[in-house]
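A.B. asks: Before I ask anything, here is the structure I am working with.
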Amino acid sequence: MRAALDAISAWAVPLLLAGVPLLAVARRVKVFPAFVEGAKGGFETAVRVIPPLVAVFVALGMLRASGAMDAAAAALAPVTDRLGIPASVLPLVLVRPLSGGAALGVVGDVLRAEGPQSYAGRLASVMAGSTETTFYVLAVYLGAVGVTRYRQALSAALLADLAGFAAAVVVVTWVFGR
Amino acid sequence: MAEVTAAALESAGRAVTFAVALAGVLALWLGLMKVAEEAGLVRLLARAFRPVLRRLFPSVPVDHPALGAIVMNVAANALGLGNAATPFGLEAMRRLEELNPHRGTASDAQAMLVAINTASVQIVPASVIALRAAAGSAAPAEILGPTLLASLCGVTAAALSARLLAPLFPPPARPADAPSADAPGGPA
């Protein structure tokens with residue numbers, strides 16, 4: 001099962017990059033002009049994404065450098081511990097919506113400190129794999145089309161994170177025990 | 001406070017570096033998508049997923065090109081082709097913006113797409129498995145099933161709340177870019 005999934009991951013990109021143009025040629029599409037036409041849009045989009053990206057990156061950078069994240073973790077730990085989230089995993093909950101790289105850093109710390117087969121190690125692994133970098137997605141996707149009023153998108157995104165974290169606690173406890 | 005200042009300025013620079021790196025990936029995948037579109041492949045894909053798409057994005061016409069981009073976005077996410085998912089997602093957002101009567105305000109369809117993307121639909125969390133293997137795990141992939149289950153909960157919560165919360169966040173009373181936009185006063 002896993003070998004098959006790994007194979008899909010490894011082959012998907014090369015197959016797409018070679019297969020789509022070949023199919024297009026078979027259907028008499030002028031591949032190169034079409035590619036260039038589409039690729040042009042990439043640069044415009046990248047430029048439009050810069051202002052919201054700067055905002056998110058700077059906010060995150062300041063949050064981490066100021067130690068506000070550690071203070072929040074210390075304040076929340078007694079409550080979240082009762083909900084099944086050990087103090088070592090709590091920083092992951094706080095950082096996961098903001099930065100994928102930082103989240104993997106926390107997972108690495110937990111795995112090294114408590115072992116991959118511990119409750120904390122498994123929980124951190126499942127939490128990191130089952131949620132996304134919410135604020136990056138919000139800023140880039142909505143920023144790219146110049147949307148500044150998010151409406152339900154923000155609440156839905158945060159609820160999805162909460163549901164993902166809660167589900168991780170329940171599923172890991174259920175499958176592996178605590 | 002000196003570190004906070006340094007972090008703020010450094011992060012601003014990093015955002016631009018990141019966007020420049022993104023530009024190349026965006027160009028590659030959007031170029032490929034245009035080729036796939038002219039070959040009729042994107043429409044084929046959208047047609048295959050029409051029943052699901054109609055539920056999640058009822059405001060988008062069935063043959064609209066946004067739907068093809070949405071399918072490719074979700075597929076790239078699911079297969080873990082992380083850097084292909086963003087270009088397809090942004091293309092989908094741009095196409096949905098063509099249907100959006102309220103410039104600057106997210107439409108229901110845009111909110112739904114963003115919500116789904118903030119939840120994870122990745123089938124194989126490759127980077128987590130690699131980390132576990134590096135930490136000497138005897139069973140680095142044992143979290144695969146639980147992760148998938150937790151992901152499904154997250155995606156379901158995302159889609160449900162994007163749909164159910166929509167009435168709580170009504171769009172502006174009239175399109176912001178309507179001819180009367182320079183008239184004074186807020187919504188009636």
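The values are calculated or read from the model by the stated rules, or taken from the named source; none is laboratory data. None of these values were measured; they are calculated from a predicted model. Using ideal geometry, Cβ is built from the backbone for each residue, glycine included, and neighbour counts are taken over all protein chains shown.
A.B. asks: Just to be sure I understand the filter: pairs with C-beta atoms under 6 Å, separated by 6 or more residues or on different chains, first member in the range A:19-34 and free of Cβ contacts under 8 Å to residues at least 12 places away in the same chain, second member not in a helix (DSSP H, G or I). Which pairs pass?
C.D. replies: A:LEU23/B:ALA39; A:ALA24/B:ALA39; A:ARG27/B:ALA39; A:VAL29/B:ALA39
A.B. asks: When the residues of the range B:1-50 are filtered to those that are β-branched (Val, Ile, Thr) and either facing another protein chain (nearest Cβ under 7 Å) or without any contact (Cβ under 8 Å) to a residue 12 or more places away in the chain (or both), which remaining residue is surrounded by the most Cβ atoms within 10 Å (Cβ to Cβ)?
C.D. replies: Taking the range B:1-50 first, the residues β-branched (Val, Ile, Thr) are B:4-5, B:16-17, B:20, B:25, B:35, B:42.
Retained after the next criterion (residues that are either facing another protein chain (nearest Cβ under 7 Å) or without any contact (Cβ under 8 Å) to a residue 12 or more places away in the chain (or both)): B:4-5, B:16-17, B:20, B:35.
Values: B:VAL4: 16, B:THR5: 11, B:VAL16: 15, B:THR17: 10, B:VAL20: 13, B:VAL35: 26.
Once the filter is applied, the top-ranked residue is B:VAL35.
Every residue, every condition in (1) farther than 24 Å from A:LEU162 by Cβ; (2) crowded, with 16+ Cβ neighbours inside 10 Å, yes or no:
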residue	(1), (2)
A:ALA3	yes, no
A:LEU23	yes, yes
A:ARG28	yes, no
A:PHE35	yes, yes
A:LYS40	yes, no
A:ALA74	no, no
A:ARG82	no, no
A:ALA87	no, no
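A.B. asks: If you don't mind, another one. Being over 18 Å from the mean Cα position of the chain (by Cα) and at pLDDT 90 or above narrows it down to one residue among B:ALA36, B:ALA69; which is it? Let's see the steps before the verdict.
C.D. replies: On the way: B:ALA69 fails: over 18 Å from the mean Cα position of the chain (by Cα).
When all the criteria are applied, what remains is B:ALA36.
A.B. asks: I've got another one for you. Restricting the search to the range B:133-176, which residues are of a type in the set (Gly, Ala, Ser) and touching a Lys or Arg at 6+ places or on another chain (Cβ under 7 Å)? Explain how you work it out, then say what you get.
C.D. replies: Narrowing the range B:133-176 to residues of a type in the set (Gly, Ala, Ser): B:133-139, B:141, B:145, B:150-151, B:154, B:157-159, B:161-162, B:166, B:173, B:176.
Within the range B:133-176, B:ALA135, B:ALA141, B:ALA176 qualify.
A.B. asks: Can you tell me which residue within the range A:151-160, out of those that are facing chain B (nearest Cβ under 7 Å) and surrounded by 19 or more Cβ atoms within 10 Å (Cβ to Cβ), is farthest from A:ASP81 (Cα to Cα)?
C.D. replies: Here the answer is A:ARG151.
A.B. asks: Then there's this: Would you mind stating whether A:GLY108 is in a helix (DSSP H, G or I), over 18 Å from B:LEU149 (Cβ atoms), facing chain B (nearest Cβ under 7 Å) and not aromatic (Phe, Trp, Tyr)?
C.D. replies: The answer is yes for A:GLY108.
A.B. asks: Given A:VAL169, A:VAL147, A:VAL175, A:VAL137, which one is more than 7 Å from chain B (Cβ to nearest Cβ), among the aliphatic types (A, V, I, L, M) and either crowded, with 20+ Cβ neighbours inside 10 Å or assigned to a helix (DSSP H, G or I) (or both)?
C.D. replies: Going through A:VAL169, A:VAL147, A:VAL175, A:VAL137 in turn, just one is more than 7 Å from chain B (Cβ to nearest Cβ), among the aliphatic types (A, V, I, L, M) and either crowded, with 20+ Cβ neighbours inside 10 Å or assigned to a helix (DSSP H, G or I) (or both): A:VAL169.
A.B. asks: Out of (1) closer than 26 Å to A:VAL137 by Cα; (2) modelled with pLDDT under 85, the odd one out for A:ALA3 is which?
C.D. replies: (1)
A.B. asks: Let me ask something else. Going by the conditions given, is A:ARG96 within 7 Å of chain B (Cβ to nearest Cβ) and charged (D, E, K, R)? Spell out the reasoning first.
C.D. replies: Numbers: within 7 Å of chain B (Cβ to nearest Cβ): no; charged (D, E, K, R): yes.
No: the conditions fail for A:ARG96.
A.B. asks: Same structure, new question: Please go through the range B:146-167 and give me each residue that is facing another protein chain (nearest Cβ under 7 Å), assigned to a helix (DSSP H, G or I) and without any contact (Cβ under 8 Å) to a residue 12 or more places away in the chain, ordered by number.
C.D. replies: The answer is B:PRO146, B:LEU149, B:ALA150, B:CYS153.
A.B. asks: State all residues of the range A:9-37 that are of a type outside the set (Ser, Thr, Tyr), touching a Gly at 6+ places or on another chain (Cβ under 9 Å) and modelled with pLDDT under 90; if no residue qualifies, say none.
C.D. replies: A:ALA12
A.B. asks: Right, here's the next one. Please find, within the range A:115-127, the residue that is surrounded by the fewest Cβ atoms within 10 Å (Cβ to Cβ) out of those that are in a helix (DSSP H, G or I) and within 10 Å of chain B (Cβ to nearest Cβ).
C.D. replies: The extreme case among them is A:GLY121.
A.B. asks: Mind listing whichever residues of the range B:104-128 are in contact with a Gly (Cβ under 8 Å, 6 or more places away or on another chain), more than 18 Å from A:LEU154 (Cα to Cα) and either in a helix (DSSP H, G or I) or not aliphatic (A, V, I, L, M) (or both)?
C.D. replies: B:GLN122, B:PRO125, B:ALA126, B:VAL128
A.B. asks: Right, here's the next one. Checking the structure you have, find out if any residue of the range B:94-117 is more than 10 Å from chain A (Cβ to nearest Cβ), over 23 Å from B:LEU160 (Cα atoms) and surrounded by fewer than 24 Cβ atoms within 10 Å (Cβ to Cβ). Spell out the reasoning first.
C.D. replies: Filtering the range B:94-117 down to residues more than 10 Å from chain A (Cβ to nearest Cβ) leaves B:99, B:101, B:109.
Subsequent filtering for residues that are over 23 Å from B:LEU160 (Cα atoms) retains B:101.
Still in the list and also surrounded by fewer than 24 Cβ atoms within 10 Å (Cβ to Cβ): B:101.
Among the residues of the range B:94-117, at least one is more than 10 Å from chain A (Cβ to nearest Cβ), over 23 Å from B:LEU160 (Cα atoms) and surrounded by fewer than 24 Cβ atoms within 10 Å (Cβ to Cβ), which makes the answer yes.
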